[in-house]
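Structure, as structure tokens:
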Amino acid sequence: MRGDTTLASGTAAELSDHETHESAAGRAEPAHSLGRIRLGLLLLAIGLALTTIFQNTEPTTVKVIGGSLTLPRWLLLALFFAAGNLSGFLIPKWHAHRKRTRHPHAD
């Protein structure tokens with residue numbers, strides 16, 4: 001019978017199509033669809049970043065405590081974005097470290 005195929009006779013590629021990944025809601029979703037979603041989100045983020053860069057190429061002057069700095073607006077945005085991400089990453093770690101060292105026996 002042509003219609004009867006068993007899972008044991010499938011190739012490795014066919015078997016991998018049946019792999020699943022549990023979603024945040026607890027439902028099983030195919031692993032390959034999550035990879036496509038991640039790829040799509042990455043491409044969207046890259047597209048938005050490139051759009052921001054190409055729309056903000058004019059020079060901007062920033063005055064800081066008696067001095068001034070002129071640089072492209074996209075670079076200024078990128079620097080502030082990086083500083084915000086770095087502080088958002090480091091401040092909670094510093095706070096947790098400080099909490100542990102001040103009260104080492106309190107849980």
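Values in this text are rule-based calculations from the coordinates and carry no lab data. What you see is a predicted model, and the numbers here were worked out from it, not measured in a lab. Here the Cβ positions follow ideal geometry from the backbone for every residue, glycine too, while neighbour counts run over all protein chains shown.
Fully extending the segment from Ala45 to Leu69, taken as 0.36 nm per residue of separation minus the present Cα-Cα distance, adds 5.8 nm.
The simple spin-label model puts a point 7 Å past each Cα toward its Cβ; for Ala96 and Thr57 those points are separated by 4.3 nm. Under 5 Å between amide hydrogens, built in the peptide plane, is the criterion, and for Thr60 it picks out Leu71, Arg73 among residues at least 5 positions away or on other chains.
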